[in-house]
Amino acid sequence: MVLATYSSYDAAQRAVDVLARHDFPFEHVTIVGCDLRWEEKVLGRWGLGRALLTGAGTGGWIGLLVADHYDILVDPEFADEARRVLTDAREAAALR
């Protein structure tokens, strides 16, 4: 069950950290990157030989998978408690 959606992994991780600080059973929580895309930084021109050798050596991983957003999933039986913890934490932060 989707508990919350965040635009960055760091924001999703901070929410999970809040849950953990409040003794929430975090083993029932998952962060999922959604709408993945491949980003690659072009560093220069390669000849055929260099491209083949580098591709073979790295397995083709010359880039980075990036998610458009991150969902925090929680087991359904823990959803109400997780929502309460995050809402209470947001309200407490707003009062500071």
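Pairing residues of region 15-38 that are within 17 Å of residue 2 (Cα to Cα) with residues that are at pLDDT below 95 and of a type in the set (Lys, Arg), at Cβ distances under 9 Å and at least 6 apart in sequence or on separate chains, gives 18/90.
Summed over region 63-87, residues that are assigned to a helix (DSSP H, G or I) and free of Cβ contacts under 8 Å to residues at least 60 places away in the same chain total 6.
The values are calculated or read from the model by the stated rules, or taken from the named source; none is laboratory data. All values reported here derive from a predicted model rather than from experimental measurement. Using ideal geometry, Cβ is built from the backbone for each residue, glycine included, and neighbour counts are taken over all protein chains shown.
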